Amino acid sequence: MPTELTVRGSHTAFQRPERGTAHVTLSLQGPKPQPVYDRVVADLEAVTASVKQLHDPERGPVTWWSTKHVRTWAERPWNQDGKQLPLVHHAAVGVEVKFRDFAALGRWVSQHVAVTPGFTLDGVVWALTAANRQDLERAVRTRAVQDAARRAQEYADALGLGTVRPVAVADAGMLGNGLHAAGGSGPAPYLRMAAAKEGGGSTELELAPEDIEVSAQVDARFVAE
C-alpha cells in the first residue's frame, strides 16, 4: 500500500520598492468659512502645480497623481469650563502622488511642509510595479511548491520509502487536512521615515523604505510506495 504524505511548503522573498505613493492632506481651520475654503483651494492649486512639473509616466519622478474633493464642516468646541465656544470652520482635501524617484519624493514633501500651510504627510505606501510584483509572486509560489516537494521526500527517505509522487497541490488550508494557514501571499507595504535632517540652512525629509516582502504557502499531498 502506498504511504500518503501531506506537507506545507513556504517561501519568502524581499525586494526593494519601486514606487512610493505619498498620501497628503491639506487642511485649515478658522472663524469664517470662506477664507478657510479659499486658502485650502489656493494651497491645493500650488501643490498640484508642483506635481504637474514632475509628472511624466515614462521618465519623470511622478508617474501618477490624484486629488479628492474639498470637504468643509464646522464644529462648536467647548472650553475647559464647559462653555461652548464660537463656531470653528474647517476645510480639507486629500492628495495622492506616486513617485518612482524617492529622493524627489523627499524633496517635494520637505518643500511643502516648509511653505504650504496645512500640508500634512499622512504616510507613504511602498510598492513594486505591477509586472515585477507578478513575476516575484510567481517565483515565490514556485519555490514554495519546491519546498513542499523537498519536505515530502525527506519524510519518505526517513521512512525508507521510495521517490514521492505528487497527487494534490493547493493554497495553504485548502486541502482540508486540518493544517492552519499562516501569513499572507501578497506584497506587504512598509513605511519607515527617518527624522528630518538639517543641513545648509534647509530641512529635507529622508525616507528609508523597507523592502517589500512577498511570501507564499502551499499544502501538497504526495504518495510513496
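Every number in this text was worked out from the coordinates using simple rules, so none of it is lab data. Note that the structure is predicted; figures quoted are calculated from it, not measured. Heads up, the Cβs are rebuilt from the backbone with ideal geometry, glycines too, and the neighbour counts pull from every protein chain shown.
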Distances over 17 Å make up what percent of all Cα-Cα pairs in the stretch 24-154? 69 percent
For the chain, alpha-carbon Rg and Dmax in angstrom: 26.5, 84
Return one number: the angle in degrees, 0 to 90 and rounded to the nearest 10, between the long axis of the Cα atoms of helix 33-54 and the longest principal axis of the Cα atoms of the chain. 50 degrees
Spin-label pair Asp122/Asp101, simplified geometry with 7 Å Cα→Cβ offset, distance in nm: 2.6 nm
Loop-only check: which trypsin sites (Lys or Arg not before Pro) in the stretch 47-105 are DSSP coil with at most 11 other Cβ within 10 angstrom? Arg59, Lys83
Percent of Cα pairs exceeding the 16 Å cut-off, where the set is the stretch 111-166: 68 percent
If you line up the long axis of helix 130-158 against the longest principal axis of the chain, both from Cα atoms, how many degrees apart are they, to the nearest 10? 30 degrees
Potential lengthening between Lys83 and Ala42 on full extension [0.36 nm per residue; Cα-Cα distance subtracted]: 11.4 nm
Report P(r) for the stretch 49-91: all Cα-Cα distances, bin width 5 Å, range 0 to the bin holding the largest distance, values in whole percent. 5, 17, 14, 10, 8, 9, 8, 8, 9, 7, 4, 1
